[in-house]
Amino acid sequence: WAFNQWGWHAAAQVPFWIGPILLYILLPALDLRFGPDGQNPPDEVMERLENDKYYRYCTYIYIPFQYASVILGAYLFTASDLSWLGFDGGLGWPAKIGLALSVGVLGGVGINTAHEMGHKKDELERWLSKITLAQTCYGHFYIEHNRGHHVRVATPEDPASARFGETFWEFLPRSVFGSSKSSWELEAQRLHRAGKSPWHWSNDVLNAWAMSVVFYGFLIAVFGVALIPYVVISAVFGFTLLEPVNYLEHYGLLRQKLESGRYERCAPVHSGNSDHIVTNLFLYHLQRHSDHHANPTRRYQTLRSMAGAPNLPSGYASMIALTYVPPLWRRVMDHRVLEHYDGDITRVNVHPRMRDKVFAKYGAAA
């Protein structure tokens, strides 16, 4: 009887871990099973496909689902009587942690949804982008990604472009804090040109962060301070799911400097690509990242697999887990980056701390 009770109790926790299970197990397994699909939409249907609002509505509908899930999660996290779910009282901490992480996965996908809408010229979509980012307290991404990352991508100046030899755990704080700092500076410069203080209400970083404060302030007022661990875990896990994606998309890739001192134009060769179909469906074709950087306003359904782009060995879902283990990451990716540059390490974006060691290993003068 005791074993049966323990088994039921353990099994009852599993559904609350559905987010991490989906991300780290199911999606990689499905990518392995179904593999890549490099087909592109025919040229003659591109315009019609681009203007088909069905695909736009697919991103819109994610937002109410996302926030309904956050609110339901807040209730489940704090409820003291969940007997209607078969629990004796409220959730234990294993289930609570799994629940918060699963909601965090929704927030991570939400950042990708916001990414798709934030690149568009339509004012409604831009506002929906900021609303979607409020869950993860990452509203500044709307500024930094469009006006910072897309300008500086694959250069040493970009906090969101990983360097060859830089571990994910070194990259994570550099990207998080560097992107926050950059977004503030970009908005301060914009407002200065308009003769306004950076603390003006029209600062898009401030009003985006304010959305998060208002949203979570409301939830804590309704569900109590016991909700705070849920807020912290889900928000932090949500935005840290963006960072391994940033890390793997441009690892070691470098735009060369021209005689003018400016960097060459961003091309398909400066972004990692993957055609693995399942994760592409899950992430609005984000993995066709080379075309996205070449054509930032192009809608996801028309993104193409481009010749010359460095191809990742698997889909993003599989590669995310790999970023967490630096020795495995280096074993899988370092030789691929070097092969992409025909063995010329001097054309690679090398981590400054590792420069002497890397150049000595690959036979170049630092």
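Of the helices (runs of 4 or more DSSP H) lying entirely inside the range 188-287, those carrying at least 3 residues that are polar (S, T, N, Q) are 228-249.
Evaluate the following for S305: is it part of a loop (DSSP other than H, G, I, E, B), among the hydroxyl-bearing types (S, T, Y), out of contact with any His (no Cβ under 6 Å at 6 or more places or on another chain) and surrounded by 19 or more Cβ atoms within 10 Å (Cβ to Cβ)?
The answer is yes for S305.
For the range 74-89, a tally of residues being touching a residue at least 60 places away in the same chain (Cβ under 8 Å) and part of a loop (DSSP other than H, G, I, E, B) returns 2. Do we have F164 as surrounded by 19 or more Cβ atoms within 10 Å (Cβ to Cβ) and touching a Pro at 6+ places or on another chain (Cβ under 9 Å) here? It is false that F164 is surrounded by 19 or more Cβ atoms within 10 Å (Cβ to Cβ) and touching a Pro at 6+ places or on another chain (Cβ under 9 Å). Scanning the range 318-363 for residues that are over 29 Å from the mean Cα position of the chain (by Cα), surrounded by 15 or more Cβ atoms within 10 Å (Cβ to Cβ) and more than 12 Å from G165 (Cα to Cα) turns up just one, Y362. Among the residues of the range 196-223, just one is over 15 Å from W184 (Cβ atoms), surrounded by 14 or more Cβ atoms within 10 Å (Cβ to Cβ) and among the small types (G, A, S), namely S212. Residues in the range 171-196 that are polar (S, T, N, Q) and either at pLDDT below 95 or out of contact with any helix residue (DSSP H, G or I) (no Cβ under 8 Å at 6 or more places or on another chain) (or both): Q189 only.
The residue pairs whose first member lies in the range 181-199 and is more than 17 Å from H145 (Cβ to Cβ), whose second member is of a type in the set (K, R) and surrounded by 12 or more Cβ atoms within 10 Å (Cβ to Cβ), and whose beta carbons are closer than 9 Å, counting only pairs six or more residues apart or on different chains, are K196/R190. Would you confirm whether or not the range 273-282 contains a residue that is on the phi > 0 side of the Ramachandran plot and modelled with pLDDT under 90? Scanning the range 273-282 turns up no residue that is on the phi > 0 side of the Ramachandran plot and modelled with pLDDT under 90. Between Y324, Y316, Y341, the distinction of being touching a Ser or Thr at 6+ places or on another chain (Cβ under 9 Å) and aromatic (F, W, Y) belongs to Y316 only. The single condition from (1) surrounded by 15 or more Cβ atoms within 10 Å (Cβ to Cβ); (2) farther than 30 Å from R147 by Cα; (3) touching a Ser or Thr at 6+ places or on another chain (Cβ under 7 Å) that L30 fails is (3).
The values are calculated or read from the model by the stated rules, or taken from the named source; none is laboratory data. Because the structure is a prediction, the values reported are computed rather than measured. As a convention, Cβ positions derive from the backbone with ideal geometry for all residues, glycine included, and neighbour counts pool all protein chains shown.
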